[in-house]
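Worksheet: the structure to be examined is printed underneath.
The values are calculated or read from the model by the stated rules, or taken from the named source; none is laboratory data. Because the structure is predicted, anything quoted here is derived from the model rather than measured. Counting neighbours? That spans all protein chains shown, and the Cβs are built from the backbone with ideal geometry, glycine included.
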Amino acid sequence: MSHFATPFIVVNLGCEMIYVIEQRLKTQNIPLDKSEKVLTDIVTVLLHPKLLEELFIPQPVATHAVIKQLLQDISATSIMRLDDYSMGKLWDLMTMIFKWQLSVATNQNIFDISRRHLRSVNKLMPENYAKSIFDNALRKFESLSNMFTDDDYNGLCNTLILWFSEYHTKISVLLRLGLQKKDGTFSLPSTINTVILKNLGENIYKYDSKKSEEYESCCIETSEISYLLGSMEKVGSSKQNSVKLNLPIDLGNDMLLNKIIKIDNTIEETNITAQIKNKCNNDLTYNAKLPSTPQQDLVKMLSDTFLDG
């Protein structure tokens, strides 16, 4: 079992989480200031150098429950909140898409997928976001790649495949793109669009241009969506400048089992108080003073991505 699997799981699943959130923000026409604030808050904590430093410590792979809770805590650092039901749906989506990527990748591709995830998320961020955060994360993976032997690659690949082996949910976006069959199994690489296959880790939603009635009819009913909206936490616009995260660290020391780190989630390298963008001939101004939380709009369409198997 590889002792380097945890950062791959956390970072890649975290990037897939960003893809989903960004897609829902756009679909629901969330105001630009709120959208950028949500992405900025989550990415700043997910890729914070202090957190990555801990994750890249050689360690037994963290459990599913621990990593799920860690990512839920990271998502909660923004003005958005997801209850357990919502996070469960999001978790299924993240894990299945990354599992699919691993299923069609070579051992060395795991690093390529991670780099592509980071670079693709970087493109989603505001122009004035501190790019040094992404540079640091990329250097972490690059350093690890340079020290890996063939046995290390094999061990990492086997550990990741085993870790994701318990997930079997059918995902509508994978079905629509022909990446997953109706029985839940993944399509063979030889049958997949080569453009998608050569860009594993990119935002898969950019390839998803249509939704068939067959798949739409299998999505969660409207009543369940209403329940989801009603069960969400109501969070004000105020936000603390630091967050505390429980770490998935276990180095044989009982004192580290519940290790907590405190992360400063402010960005000193860049000014995020006033940015003007032109989009569709409309000037949209980024204002750091946010109104009420957008989470009720954010997850309305989350269930459209799932087919429960």
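Out of segment 25-34, which residues are polar (S, T, N, Q) and either part of a loop (DSSP other than H, G, I, E, B) or modelled with pLDDT of 90 or more (or both)? Walk me through how you get there before you give the answer.
The initial filter retains those residues of segment 25-34 that are polar (S, T, N, Q), namely 27-29.
28, 29 - these are the residues of segment 25-34 that are polar (S, T, N, Q) and either part of a loop (DSSP other than H, G, I, E, B) or modelled with pLDDT of 90 or more (or both).
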task: Provide a single number: the residues in segment 68-88 that are within 14 Å of residue 38 (Cα to Cα), of a type outside the set (S, T, N, Q) and part of a loop (DSSP other than H, G, I, E, B).
output: 5
- line: Only one of (1) of a type outside the set (S, T, N, Q); (2) over 22 Å from residue 119 (Cβ atoms); (3) touching a residue at least 60 places away in the same chain (Cβ under 8 Å) does not apply to residue 202, and that is (2)
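Based on what the data block shows, is residue 154 polar (S, T, N, Q), surrounded by fewer than 19 Cβ atoms within 10 Å (Cβ to Cβ) and free of Cβ contacts under 8 Å to residues at least 40 places away in the same chain? Can you show your working first?
On the way: polar (S, T, N, Q): yes; surrounded by fewer than 19 Cβ atoms within 10 Å (Cβ to Cβ): yes; free of Cβ contacts under 8 Å to residues at least 40 places away in the same chain: no.
Considered against the rule, which asks whether it is polar (S, T, N, Q), surrounded by fewer than 19 Cβ atoms within 10 Å (Cβ to Cβ) and free of Cβ contacts under 8 Å to residues at least 40 places away in the same chain, residue 154 comes out as no.
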- prompt: Could you list, in sequence order, the residues of segment 157-200 that are within 17 Å of residue 95 (Cα to Cα) and assigned to a helix (DSSP H, G or I)?
  reply: 157, 158, 159, 160, 161, 162, 163, 172, 173, 174, 175
- line: Only one of (1) under 25 Å from residue 58 (Cβ atoms); (2) of a type in the set (Ser, Thr, Tyr); (3) in a helix (DSSP H, G or I) does not apply to residue 205, and that is (1)
